[in-house]
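Asks: Handing you this structure, nothing more for now.
The values are calculated or read from the model by the stated rules, or taken from the named source; none is laboratory data. Everything quoted here is computed from the prediction, not taken from an experiment. Note that each Cβ is placed from the backbone with ideal geometry, even for glycine, and that neighbours are counted across all protein chains shown. Side chains are part of the model used for accessible areas, which takes the heavy atoms of the whole protein and leaves out ligands, DNA and RNA. Shrake-Rupley method; radii C 1.70, N 1.55, O 1.52, S 1.80 Å.
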Amino acid sequence: CAVKAAQVLSEIAKNEEMKKPCIEADLVPTLIPLLESTDQEMLLHAGRAIGRICYDNRRLQEELVKVGVITPLVRVLTDYAESDPLVHVDLLALCNLADLDTAKEALSKTKVAEQLVKQLRRAENHEKLEIIFEVLQALAENDALKVQLVEAGVQEVLSEILMRLQGSSQAENTCIVKAASDLIVSLLLGGVQEVLSEILMRLQGSSQAENTCIVKAASDLIVSLLLGDGNCERMVQLGVIHQLLDLLEKHVESEDISVQHAALSALRNLAIPVVSKVQILEEGVAERIQTLLRSEMPPVQFKLLETLRMLADGQADAAEILGQDPMLLNRLVQWCSANDHTGVHGEANRLLASILHHNRSQEVVKAIQEAQGVKHLISMTTSEHAAMQNEALNALAIASAINLETLEESFKESQLVQSLHKLLQDDNTSPEVKYNSMRLLRSLLNSGDLRQEIEEDKIKETLEQLCSHSNANVVKEAITTLQVLRGET
């Protein structure tokens, strides 16, 4: 009668009000030994009964793990892998327990990873896939189980699933793609980068309609995976950047910007670590990225500019390459005037400032001057954002130190001296902007004409007032600037 009794219990436990009487009657400890049975019907009903009684009851779930329920659950998954009803019940049980640290620890000592990957490979319906993904997502939080999942080949199966569902717009398929994507993000382990690289390579020959969904998913995953220099370096070595660029170049004229936006987000993150910048430059990626300048989509333009700025950050070689490209500089100056797209306008100015800041070449200063970019940087010093003001002031100070003669005329036409004086007089100007303004002023004093403008504008009086400022750095810069102005140093 045990099988029938287990079946009755599994039906009774469906009712929320009956769970408590089942617990009080100590039915769970009585049912657990039945999981050792070789009778599939017994396993099915006992498993359902236990799962339903313990559902959403953390204390009971902990007790289950403590008395060793994990071993029989994994045994059922192993011995009855072809029985869909038994596997379904088993997966539900694991899904309920997988969030427990004790369960993860117990599972790490079994071959559950191997069995779950097998089930993932043979799963055909969405419900089963979703349950498996939920279990895997929980298990991927455990380092030991992460390793076991990768060793079991989970990344190859995820790649197959993403490829199979590419281009699908069905809501249930979208959920599966998201679940697979989330799982890859959780793994963050050696092997995942190779899968993403492989996916991108296989999609290079596809038409946009087929590859948009998967390319975006893979690109978004790269963004999520880039949490450390090691991952970035590995992806650059795998050639992911060139694969992304190949796809971007095919989609640059497309009105669907999802692929471009996602891929450029990935490229931007890849360009952050210094070790990646060097390799990117050596491989000529900066030149390739610039071919995307013809895009007319503001979100793509913004991401493109952000990527180039990351590439130039701290890299004189990159700044020199970008700063001597007439096409790029002309496009930048055009975007600096794009007031209808604030993000593009701001990022174009920031890239110009970054190129000047990080370069050490007189030729770059001349090129930006010829492209009429200097006036935009002077306007940037009055931005409402202190960070942008400081970027412009630092860039102009460095450019002045490199080649003041080239910039002198633009500074006079754009009334730079007067703008700096207003910043120093304004009580709302941040201390950092004030002392960066004074550093730029000291550079300008090397020009006879600009020195005359500084003297005529009575900046000396403002500097004397700043000598009693509440900020020590402002005071220090004011004293130093006054000394230079007076010829004392």
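Asks: Measure out, as a whole number of angstrom, how far apart the alpha-carbon centroids of segment 355-416 and segment 280-335 sit.
Replies: What the calculation gives is 18 Å, centre to centre.
Asks: Based on the Cβ-Cβ distance of T342 and Q452, what FRET efficiency does E = 1/(1 + (r/R0)^6) give at R0 = 35 Å, to the nearest 0.05?
Replies: Calculated transfer efficiency: 0.40.
Asks: Can you give me the distance in nm between label points at E488 and D99, each placed 7 Å from the Cα along the Cα-to-Cβ direction?
Replies: 6.9
Asks: Continuing with the same structure: Could you tell me what percent of the accessible area of segment 353-416 is made up of carbon and sulfur, with a 1.4 Å probe and every protein chain present?
Replies: 41
Asks: Filter K422/K460; K250/K303; K14/K66 down to the pairs with a C-alpha to C-alpha distance above 22 Å, please.
Replies: Checking Cα-Cα distances, K14/K66 exceed 22 Å.
Asks: Give the accessible surface of segment 34-173 per residue, rounded to a whole number of Å², with probe radius 1.4 Å and ligands, DNA and RNA excluded.
Replies: 46
Asks: Quick one: if the Förster radius is 30 Å, what FRET efficiency do N428 and V274 give, using the C-beta to C-beta distance and rounding to 0.05?
Replies: FRET efficiency, N428 to V274: 0.25.
Asks: Whole-Hz Karplus ³J(HN,Hα) for segment 436-451, in order, using 6.51 cos²θ - 1.76 cosθ + 1.60 and θ = phi - 60°, x for Gly and Pro?
Replies: 5, 5, 5, 5, 5, 4, 4, 5, 5, 5, 6, 9, x, 5, 6, 4
Asks: Any idea of the accessible area per residue across segment 429-477, 1.4 Å probe, to the nearest Å²?
Replies: Per residue, segment 429-477 has an accessible area of 50 Å².
Asks: With a point put 7 Å past each Cα toward its Cβ, work out how far V67 is from E130 in nm, to one decimal.
Replies: 3.1
Asks: Within segment 436-480, report the trypsin sites (Lys or Arg not before Pro) that DSSP leaves as loop and that have at most 16 other Cβ atoms within 10 Å.
Replies: Sites meeting the loop and neighbour criteria: K458.
Asks: Which three extents, in angstrom, do the Cα atoms of segment 450-489 have along their principal axes, listed largest first?
Replies: That works out to 29, 20, 12 Å along the principal axes.
Asks: Right, something else. Need the full-extension length gain, Q237 to E249, defined as separation in residues times 0.36 nm minus the C-alpha distance. One decimal, nm.
Replies: Between Q237 and E249, full extension yields 2.3 nm more.
Asks: Now, a different point. Nothing charged except the Cβ atoms of Lys and Arg (+1) and of Asp and Glu (-1): what's the magnitude of the dipole of segment 1-149 about its Cα centre? Round to the nearest 20 debye.
Replies: About 160 debye.
Asks: Which percent of the accessible heavy-atom area of segment 417-457 goes to carbon and sulfur, probe 1.4 angstrom?
Replies: For segment 417-457, the apolar C and S fraction of the accessible surface comes to 33 percent.
Asks: Hey, another quick one. Return the sequence-ordered ³J(HN,Hα) values of segment 332-343 in whole Hz as given by the Karplus equation 6.51 cos²θ - 1.76 cosθ + 1.60 applied to θ = phi - 60°, using x for Gly and Pro.
Replies: 4, 4, 4, 6, 4, 9, 7, 5, 6, 10, 4, x
Asks: How big is segment 20-73 in terms of Cα radius of gyration and Dmax, in angstroms?
Replies: Answer for segment 20-73, Rg first and Dmax second: 10.5, 29 Å.
Asks: DSSP loop trypsin sites (Lys or Arg not before Pro) in segment 82-146 with at most 12 other Cβ atoms within 10 Å of their Cβ, which ones?
Replies: Loop-located and lightly packed - K109.
Asks: Tell me, what is the 1.4 Å probe accessible area of I70, in Å² to the nearest 10?
Replies: Number for this one is 10 Å².
Asks: For segment 22-120, would you read off the P(r) tail past 16 Å as a percentage of all alpha carbon pairs?
Replies: That tail contains 50 percent of the Cα-Cα pairs.
Asks: What order do M297, M380 take when sorted by accessible area (1.4 Å probe), most exposed first?
Replies: The ranking, largest first, comes out as M297, M380.
Asks: Let me ask something else. Just to make sure I understand: if all protein chains stay in place, what is the order of E488, E124, E464 by accessible area at 1.4 Å, largest first?
Replies: Descending order: E124, E488, E464.
Asks: Still on this structure: Do any trypsin sites (Lys or Arg not before Pro) in segment 287-377 lie in a loop, going by DSSP, with at most 15 other beta-carbon atoms within 10 Å of their beta carbon, and if so which?
Replies: Sparse-neighbourhood loop trypsin sites (Lys or Arg not before Pro): R360.
Asks: For segment 415-488, what is the convex hull volume of the alpha-carbon atoms per residue, in Å³?
Replies: Value for segment 415-488: 73 Å³ per residue.
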